[in-house]
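Here is the structure we will look at.
The values are calculated or read from the model by the stated rules, or taken from the named source; none is laboratory data. Note that the structure is predicted; figures quoted are calculated from it, not measured. Positions of Cβ are backbone-derived with ideal geometry, glycine not excepted, and every protein chain shown enters the neighbour counts.
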Amino acid sequence: MELFLQNFANIDSLVKIWPLLAQGLSLTLLLALVTLPLGLLAGLAVAVTYSFGNGFSRRLIIIMIDLLRSFPALVLLVLIYYSLPFFGISLPGFAAVVLALVINNTGYYGEIFRAGIESIPRSQHEAAAALGFGRGRAMVYLILPQAVRRVVAPLASNSLELVKMTSLASLVALPELLRSARVAQEQTYNPTPLTAAAVIFFVLLWPFSRWVSQMEKKALKERA
Amino acid sequence: MDQILENYFNLAVMARALPTVFDGFLVTVQVALSVIVIGIGTGLALALLRCAENPLVNGVISLYVEVFRTLPQLVILIFIFFGLPYMGIRFSPFMAVAVGLGAVLSAFAAETFWAAINALPKGQWEAAAALGMSRTRCLFDVILPQAVRLATPLITNRAIAITKGTALGVAVSLQETLGSAQSVMAILANPSPLTLAAGFYLLFFIPLVIASRIIENRMAKTTG
């Protein structure tokens, strides 16, 4: 037990590496704050385009969404970060991570918003038209508010996954929380920084993950 | 345009990379299958264990579920591969990914199966008791078949999302599709092997994504 504590919860090493971890944490938060709204907006744009599209463009969007959903985020990130330099374009790590995560989540968010918009009955669109709403205004004022309310649970669940995914940044040498912990671990020959990073991630994300799970349970109950 | 062909679709490079990347793809398939078997098997077992309503066992299962639902997959893999050896527990890269992602999937599956079991009306248990069925028989013959149906779309989506995480294996030096493509890319100084890897991922995941769409549509119809 003593050996275990010395290895995995070593106070001395924790004090020494704390500044590094704090710096990593702030970068993780920054990544999440930049990526979340961009991903949501891109997904929303795809879904709205789908609902205004004709048969052909709709099929095209579905294919695009499925392609994006079939592609591991890390593969996208490696493609952006390691292959663009062959063209003389080298994105900094931060931009590469944001770009990869936004593209990846456009597929997920797009599908969620699309399902929400499609679940609103046609009669609502017709009623809006009868009241003299244009299609754009009907979408913004009538359809979207109801659609978004119906898909809050999957939206929250996907947003949680997105925040978790920011740890991929560690693989392109961006010193976010996980990367900082790895660096610290190699400096101290001690896994305490890894434990600390795991605890920080858990404390940060757990309330959100509980909330998501409650909402998913409610949704299941409604279907049963 | 020539530059794109030269760098991303260089057939000569691809031909040389193919054997290595294909070997990597086989590893991806093996890890993915292991993750699904470990994850769904353990998840179902945990959900059933929870039905025994032993407070101590349920407490331990809840803690397990919360931890593995909440932590980023990469943090878990790094901890298993670089942290646990300090405790004398060593996993091969393959086992680290299979066990790590398997644990994540099992947490989601346990939670979803458990939620589905609880989402069914209590009257079913009472009706089964009135017919003289024992609780265990009721669980296996009446409740479970319905709960599994209810949980299927959610669990398929999770399973796909988590098996895509096998690409994270590069972080623990697993020579799967992405990892082997990256090493060939470094040797040949050309990113075409990445295109090849991307193609293999699409080959594997597009059918799964389409299958999940079909399952979702079918469930939406039957539960209306």
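Values as computed for the structure displayed
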quantity: Residue within region B:19-31 that is more than 19 Å from A:Pro72 (Cα to Cα) and not hydroxyl-bearing (Ser, Thr, Tyr) present; calculated: yes
quantity: Any hit, region B:137-151, residues being more than 9 Å from chain A (Cβ to nearest Cβ), closer than 30 Å to A:Leu168 by Cα and buried (at least 21 other Cβ atoms within 10 Å of the Cβ); calculated: no
quantity: Unique residue being part of a helix (DSSP H, G or I) and closer than 29 Å to A:Ile89 by Cα when the list is B:Val21, B:Val57, B:Val29; calculated: B:Val21
quantity: Unique residue being in contact (Cβ under 8 Å) with a residue 60 or more places away in the chain, in contact with a Pro (Cβ under 7 Å, 6 or more places away or on another chain) and buried (at least 17 other Cβ atoms within 10 Å of the Cβ) when the list is A:Ile112, A:Ile117; calculated: A:Ile112
quantity: Residue satisfying condition, being closer than 29 Å to B:Val65 by Cβ and either touching a His at 6+ places or on another chain (Cβ under 6 Å) or among the aliphatic types (A, V, I, L, M) (or both), within set A:Ala147, A:Ala156; calculated: A:Ala156
quantity: Condition met for B:Ala32 (more than 30 Å from A:Ser213 (Cα to Cα), in contact (Cβ under 8 Å) with a residue 60 or more places away in the chain and surrounded by 19 or more Cβ atoms within 10 Å (Cβ to Cβ)); calculated: no
quantity: Residue that is surrounded by fewer than 19 Cβ atoms within 10 Å (Cβ to Cβ) and modelled with pLDDT under 95, where the choices are A:Leu99, A:Leu67; calculated: A:Leu67
quantity: Filter result (in a helix (DSSP H, G or I), closer than 30 Å to B:Ile38 by Cβ and not polar (S, T, N, Q)) within region B:105-124; calculated: B:Leu105, B:Ala107, B:Phe108, B:Ala109, B:Ala110, B:Glu111, B:Phe113, B:Trp114, B:Ala115, B:Ala116, B:Ile117, B:Ala119
quantity: Filter pass, A:Thr49 being of a type outside the set (A, V, I, L, M) and either touching a helix residue (DSSP H, G or I) at 6+ places or on another chain (Cβ under 6 Å) or within 11 Å of another protein chain (Cβ to nearest Cβ) (or both); calculated: no
quantity: Considering residues of region A:35-58 that are assigned to a helix (DSSP H, G or I) and polar (S, T, N, Q) only, the residue surrounded by the fewest Cβ atoms within 10 Å (Cβ to Cβ); calculated: A:Ser57
quantity: Hey, B:Gly179 buried (at least 20 other Cβ atoms within 10 Å of the Cβ), under 30 Å from B:Ile4 (Cβ atoms) and either touching a residue at least 24 places away in the same chain (Cβ under 8 Å) or within 12 Å of chain A (Cβ to nearest Cβ) (or both) or not; calculated: yes
quantity: Filter pass, A:Leu131 being buried (at least 18 other Cβ atoms within 10 Å of the Cβ) and of a type in the set (A, V, I, L, M); calculated: no
quantity: Evaluation of A:Asn190 against (1) at the interface with chain B (Cβ under 9 Å from one of its Cβ atoms); (2) assigned to a helix (DSSP H, G or I); (3) not acidic (Asp, Glu) (one fails), failing number; calculated: (2)
quantity: Where a residue in region B:108-133 is away from chain A (no Cβ under 14 Å) and its partner, wherever it lies, is polar (S, T, N, Q), with Cβ under 9 Å and at least six apart; calculated: B:Ala128/B:Ser134
quantity: Total residues in region A:142-177, condition surrounded by 19 or more Cβ atoms within 10 Å (Cβ to Cβ) and not in a helix (DSSP H, G or I); calculated: 3
quantity: Residue ID - nearest to the other protein chains (Cβ to nearest Cβ), chosen from residues in region A:193-203 that are in contact (Cβ under 8 Å) with a residue 24 or more places away in the chain and surrounded by fewer than 21 Cβ atoms within 10 Å (Cβ to Cβ); calculated: A:Thr195
quantity: Residue among A:Leu79, A:Leu40 that is closer than 29 Å to B:Asn157 by Cβ and touching a residue at least 60 places away in the same chain (Cβ under 8 Å); calculated: A:Leu40
quantity: Unique residue being surrounded by 18 or more Cβ atoms within 10 Å (Cβ to Cβ) and among the small types (Gly, Ala, Ser) when the list is B:Ala186, B:Ala211, B:Ala220, B:Ala167; calculated: B:Ala167
quantity: Checklist (1) of a type outside the set (D, E, K, R); (2) more than 30 Å from B:Phe82 (Cβ to Cβ); (3) not in a helix (DSSP H, G or I) applied to B:Leu154, failing item; calculated: (3)
quantity: Residues of region B:182-194 satisfying the condition of being polar (S, T, N, Q) and within 8 Å of chain A (Cβ to nearest Cβ); calculated: B:Gln182, B:Asn190
